Amino acid sequence: MAPPRASKLFMNLGLGGGFFHASSGSAGDTRTFSGGSVSGQLAIGGRLGSRRVAIGGMYLQDTVLGLSSKDERIDGDEPNLKDISFTFWALGFFTDVALQAEPGLHFQALLGVGSLWVTRARNNNVPSDPVGFVANAGVGYDFRVGRKLAVGALLRATYAPLDVTETGNTNGTTVAALIPALLLTATVR
């Protein structure tokens with residue numbers, strides 16, 4: 001019996017964990033931020049041609065837990081992370097390319113825009129949120145669990161060079177964020 005033909009609709013939901021790493025500052029005085037992340041994504045789109053290629057829109061979010069920082073030079077401008085939290089988000093266009101008609105190995109990519117939400121629990125006096133372009137790439141493997149449903153895992157990496165204007169710095173600063181994550185996924189096929 002032949003496997004069911006893939007639907008033209010493509011919906012993918014993923015949830016898992018990752019590692020957040022970002023760096024900013026000027027040469028000789030860089031700082032790094034790091035922490036674990038609760039990572040998720042939602043992709044909705046359609047399949048093209050042979051139905052091995054899907055395109056559409058995707059939303060990514062990574063909530064950073066256990067945020068810490070290190071400053072290359074101790075000179076009074078070290079970040080104070082008390083009551084500060086980071087949440088990274090991105091919205092963009094994605095493509096998902098399956099190597100076979102059956103659920104199995106597939107590659108995913110996203111290009112879009114994103115931001116790092118910086119929130120302070122007790123005071124609204126926080127710098128503006130870094131914003132910029134985002135690129136994401138992933139490789140996954142799915143297993144069929146129903147006629148139109150597959151579950152699997154996706155290893156993804158997100159890179160975002162985000163721009164922010166800090167207090168006292170009119171030129172702005174680039175915050176380069178890198179977030180690898182491993183997600184459990186469910187896909188409507």
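The values are calculated or read from the model by the stated rules, or taken from the named source; none is laboratory data. Keep in mind the model is a prediction, meaning the values are calculated, not measured. Here Cβ is always computed from backbone atoms with ideal geometry, including for glycine, and neighbour counts include all displayed protein chains.
At-a-glance table
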read-out	value
Residues within the stretch 21-39 that are touching a Leu at 6+ places or on another chain (Cβ under 8 Å) and buried (at least 19 other Cβ atoms within 10 Å of the Cβ), tallied	5
Failed item, numbered, when Asp62 is tested on (1) of a type in the set (D, E, K, R); (2) part of a loop (DSSP other than H, G, I, E, B); (3) at pLDDT 95 or above	(2)
Number of positions in the stretch 65-81 that are modelled with pLDDT of 75 or more and either within 16 Å of Gly18 (Cβ to Cβ) or surrounded by fewer than 15 Cβ atoms within 10 Å (Cβ to Cβ) (or both)	5
Single condition Gln41 does not satisfy, out of (1) modelled with pLDDT under 85; (2) farther than 19 Å from Gly146 by Cβ	(1)
Residue that is farthest from Ala109 (Cα to Cα) [pool: residues in the stretch 133-152 that are among the aliphatic types (A, V, I, L, M) and touching a residue at least 40 places away in the same chain (Cβ under 8 Å)]	Leu149
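Yes or no, residue by residue, for (1) at pLDDT 95 or above; (2) surrounded by 15 or more Cβ atoms within 10 Å (Cβ to Cβ); (3) under 20 Å from Leu42 (Cβ atoms):
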{"residue": "Asn125", "(1), (2), (3)": "no, no, no"}
{"residue": "Ser128", "(1), (2), (3)": "no, no, no"}
{"residue": "Ala150", "(1), (2), (3)": "no, yes, yes"}
{"residue": "Arg156", "(1), (2), (3)": "yes, yes, yes"}
